[in-house]
Every structure is written in C-alpha cells, then in structure tokens.
1. Give the residues of the range 58-108 that are touching a Ser or Thr at 6+ places or on another chain (Cβ under 7 Å), of a type in the set (S, T, N, Q) and part of a helix (DSSP H, G or I), sorted by residue number.
2. Identify the residue in the range 109-126 that is in a helix (DSSP H, G or I) and under 15 Å from Gln42 (Cβ atoms) and, among all such residues, is nearest to the ligand (Cβ to nearest atom).
3. Just the residues that are under 28 Å from Thr132 (Cα atoms), assigned to a helix (DSSP H, G or I) and touching a residue at least 40 places away in the same chain (Cβ under 8 Å), please, taken from the range 22-57.
4. Consider Tyr83 carefully, then state whether it is touching a strand residue (DSSP E or B) at 6+ places or on another chain (Cβ under 7 Å) and among the aromatic types (Phe, Trp, Tyr).
5. Say we look at the range 80-108 and pick out the residues that are modelled with pLDDT under 95 and under 20 Å from Gly57 (Cβ atoms); which of these is farthest from the ligand (Cβ to nearest atom)?
6. Could you run through the range 54-75 and say how many residues are of a type in the set (Val, Ile, Thr) and either more than 19 Å from Gly104 (Cβ to Cβ) or away from the ligand (no atom under 16 Å from the Cβ) (or both)?
7. Does any residue in the range 99-128 that is over 19 Å from Leu38 (Cα atoms) come within less than 8 Å, Cβ to Cβ, of a residue that is more than 11 Å from the ligand (Cβ to nearest atom) and in a loop (DSSP other than H, G, I, E, B) six or more places away or on a different chain, and which pairs are these?
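The values are calculated or read from the model by the stated rules, or taken from the named source; none is laboratory data. Small disclaimer: the values here were computed from a predicted structure and weren't measured. No Cβ is skipped: glycine too gets one built from the backbone with ideal geometry, and neighbour counts run over all protein chains shown.
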Amino acid sequence: MYPNRLNRLLAFIHRQRQRMNLSIDGKIQERLEFLMRLGQRQWGKQLKPHVKYDLKGKCGGQAIWPNIIRVNLPLLVNNEEDYLKNTIGHEYAHLLTDKLHGLGKTKDHGIEWKEVMWSFDLEAQRCHNYVTNLPKATATLHTNP
Ligand SMILES: [Zn+2]
C-alpha cells in the first residue's frame, strides 16, 4: 500500500475510533445524568462524577472520593447495556452514599449503600459477572465499527 493511502486509512480509523469513544462517553453521561436526577429526587443530593477510562483487569468499575468513576473500557464495550445500568449505578451509589453520610462513615457495601441502590431500582450486588479473560483482539473488535 502507498504511504498516502495508508495515512488516509489510519486517519479514517482514528476518526471512527474517536466517534465510537464519544458515543460510549455520551451514553455514560446520559446514564449519569439520569442517576443524578433520580438521586436528587430520592435523597436531595447529587454530584457530578468525572469519568476516567483507565481501569484494567477484572475490576468492573471503581469510585474514588469525592467524584471520580473509573471505567473498565473492555468490560463496558462487551457488556454495554448491563454495564451502563448496573456498574455505573453501583459506582454512582458509592459516591452518593459517601456524600450523604460522610467518607468512611459507612461500610463499602453496607445498608446505606444498599438503600441508595434500591432507590435506583438496582440489585445491591457487590460483584459483576462479566467475562474478564477476553483476548485483546476480541475487546478491540467491539470498539471498531
Ligand atoms: Zn462496590
């Protein structure tokens, strides 16, 4: 392949990837906005999380006080619907629980967190059951259009 064509192809792939990442990010923002409104209505408080896509391995998601949610991108793209609903809900519930009761005042998956989960109409489960031993090629497949 000529270098020009290769460059155009690489630029095309780059744009497609950006578009895909944007749409995934857009879906997360949409889900978070829903949870913020719901939490505001149920608990009278909300917070706006900052999302980082840097989580790797078996961990589904992570909440970091006061306002960070770390997302495991391969698990998200391979379990999109469930991940948006349950994992984003799970992590947002951690942040909201800490905001309501104070950092370190409750157990990580204690009754206060469970009550927030139930108010979001979610099952208060500690763990996800996504397949985590995906080969890299499989994870990449799903992010490409
Ligand atoms: Zn948790």
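1. Thr97
2. Trp113
3. Taking the range 22-57 first, the residues under 28 Å from Thr132 (Cα atoms) are 22-35, 49-57.
With the extra rule that they be assigned to a helix (DSSP H, G or I), the set shrinks to 22-35.
Across the range 22-57, the qualifying residues are Ile24, Lys27, Ile28, Arg31, Leu32, Leu35.
4. no
5. Glu80
6. 1
7. Short answer, once both residue conditions are applied: Leu103/Trp65; Leu103/Pro66; His128/Asn79.
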